[in-house]
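First the structure, in the form of structure tokens, and then the observations on it.
The values are calculated or read from the model by the stated rules, or taken from the named source; none is laboratory data. What you see is a predicted model; the values in this text were computed from it and never measured. Virtual Cβ from ideal backbone geometry, glycine too; neighbours counted across all protein chains shown. Please note that ligands, DNA and RNA were not included when accessible areas were found on the heavy atoms of the full protein model with its side chains. Shrake-Rupley method; radii C 1.70, N 1.55, O 1.52, S 1.80 Å.
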Amino acid sequence: MELLLSIILGFMIIGAIFALHARDLLSALVAFGIVGYSLVICFLLLKAPDLAIVQIVVETVTLVIMVAVILNSTREEVKDKLRWQSALTIVLALLFIGGLVYFYQVAIAPLDELGMHTTRMAEAYIEGAAEKTGSANLVTGVLFDFRGYDTLGEATILFTAAIGVLTVLRLKGKKAA
Amino acid sequence: MRYVALFIILLLFWLLITFSLTIENVIVGAVAALLTTALFGKFFRHNLIKFLQPQRYFWALVYLFVFTWECVKANFDVAYRVIHPAMPIKPGIVRVKLNLKTEIGKTILANSITMTPGTISVDLIDDELYVHWIYVSSMDPEVYSQKIAGRFENYIKKIFE
Amino acid sequence: MIVYSLCFVLFMVGLYGVVTRRNMIKIVIGLAIMEISIFMFLVLIGYIQGAEAPIITGHETAVQFVDPLPQAMVLTAIVIGLATNAMLLAIAIRIYKNYGTFDIRKVNELKG
Amino acid sequence: MNGMSRIVKKVTQLLVSIIFMYGVYIVTHGHLTPGGGFAGGAIIVGAFALIILAYGSDALKLHKEEAGSSASESLSILMVLILAVIGFFVGGMVFFNNYLPTGVVGELISAGTVPLYNIFIGMEVAAALLTIFIALVIFKEESK
């Protein structure tokens, strides 16, 4: 299980590196699609079918929007290559990476091994979900009943994003009726 | 008339995917099908009489086997071209004249050609289908039309016309 | 534990993209890669060996479910990620319309 | 934008209502099977986006559709709030209270308010994403 997930994650990393280095923006998007759709397979292996459905649709919509944006403008990658300005930049970058790795070590230490997770907080949700909410799908039960506030906030963010996109992309003002 | 047919098809689809016959399920499915018909009914343009003629279903079954056989053959052909060290390909776009009348028949033929490895249908303009072919073996329109479209055309004519 | 480390590597790749790329579309792709690594990490934490997907079907034998809490959180996060990505892309294409380039440093030079 | 070739249009005619129906199934069965408002809403957007891409913006009145989708977006988020506020007054002063009878686990009409939230969140997601998509298409049309 862990081996399989590691292989898929390795492919995701290769796809991500290629997506960031591709000369053509359209091929960069195709490479980014590798990352997103591999995530769907990982979700299915990790027993999260809800997330797999959402991710496969959301990835498709994201790619459609990105391709629409690129076809609207240009496929050319910006020409200038990355320059290492000075030794100071490299030292700062290495320091930054070292700091991140250190904090990653600190954060990862108290975690359980993969697959040995003990449900502490969700115990109440799993025990009470079927009786309290009557929902057979526990994820939906958590989402819309125990944690309704999160869902409301999420819906608000979607609403705001849609209004923001409308505002940013409006070229002509609305005609006076 | 069209709308009623779409409603019935959608309700059958709903019952197939939910697979239960309780009253609530049927009511919810009917409401959903009504909504879908109201939103997308104007995009559903098919000749409905043909749905009720059983011999068309028989020919569709036959066509399924024919198509699978052609697909397997084309797979081996393309695999041979890929594995062969000299890569014997001669790609090009040819213009195939179709004998089919109905829109749906042309669509199914174009999709069948696309799904067979080695050929991809690019566009459909009037009665002519532009096909990208991996190995253009002849320049004679009669010969290549027969080679690309002829093997499917008779069956599709029996199914849709 | 190696899976967690690979998630971290994926996150670092996304961060590298955001920091070094000059093209705005590439920056959005980098942000999306970072998001994806976080989703993966959260779902990995909630995974239990040999457990069922958290859906009551009525005839499961081993009544142990995968932790539904991280899954619910990630579910909202995915949709929020889509919304923010769409917003960023809208801003990017608007900048392209005004300046004629996706290069973020050139935009900086042009104004202020 | 002129839309795509006749092959794509015909396949769209065949498939679009079935895709929409499948989205509705995912939304309404969200409390029983994998899926729910988020996934189903995104699938419903797929149906609309398919029509816009296949037929092109000439054949459709996009400004009208944009107004309709942003109106239904506002309406559905308002409905979610109203459902939550009703829970506040019916039950013991708890926001998002599940006040309807929960019924038997595993039946379609069960789980109290959860299916209602599912439906309205699905509408919200679908309308928001559709608004974003139509805004991009209109931007492309007008910036020519």
For residue A:32, are the conditions met, namely being part of a helix (DSSP H, G or I) and in contact with a Pro (Cβ under 9 Å, 6 or more places away or on another chain)?
no
Picking from A:82, A:88, which residue would you name as being open to solvent by 40 Å² or more (accessible area, probe 1.4 Å) and at pLDDT 70 or above?
A:88
Within the stretch C:40-54, can one find any residue that is more than 7 Å from chain A (Cβ to nearest Cβ), farther than 21 Å from residue A:28 by Cα, in contact (Cβ under 8 Å) with a residue 12 or more places away in the chain and aromatic (Phe, Trp, Tyr)?
yes
Per-region count, the stretch A:1-27, residues touching a residue at least 24 places away in the same chain (Cβ under 8 Å), within 15 Å of residue C:24 (Cα to Cα) and part of a helix (DSSP H, G or I):
2
Failed condition for residue D:45, given (1) modelled with pLDDT of 80 or more; (2) in a helix (DSSP H, G or I); (3) surrounded by fewer than 21 Cβ atoms within 10 Å (Cβ to Cβ), with all others met?
(3)
Go through the stretch A:43-56 and give me each residue that's more than 13 Å from the chain's Cα centre (by Cα) and either facing another protein chain (nearest Cβ under 7 Å) or not in a helix (DSSP H, G or I) (or both).
A:46, A:47, A:48, A:49, A:50, A:53
For the stretch B:118-134, state whether one or more residues are in contact with a strand residue (DSSP E or B) (Cβ under 7 Å, 6 or more places away or on another chain), open to solvent by 70 Å² or more (accessible area, probe 1.4 Å) and not in a strand (DSSP E or B).
no
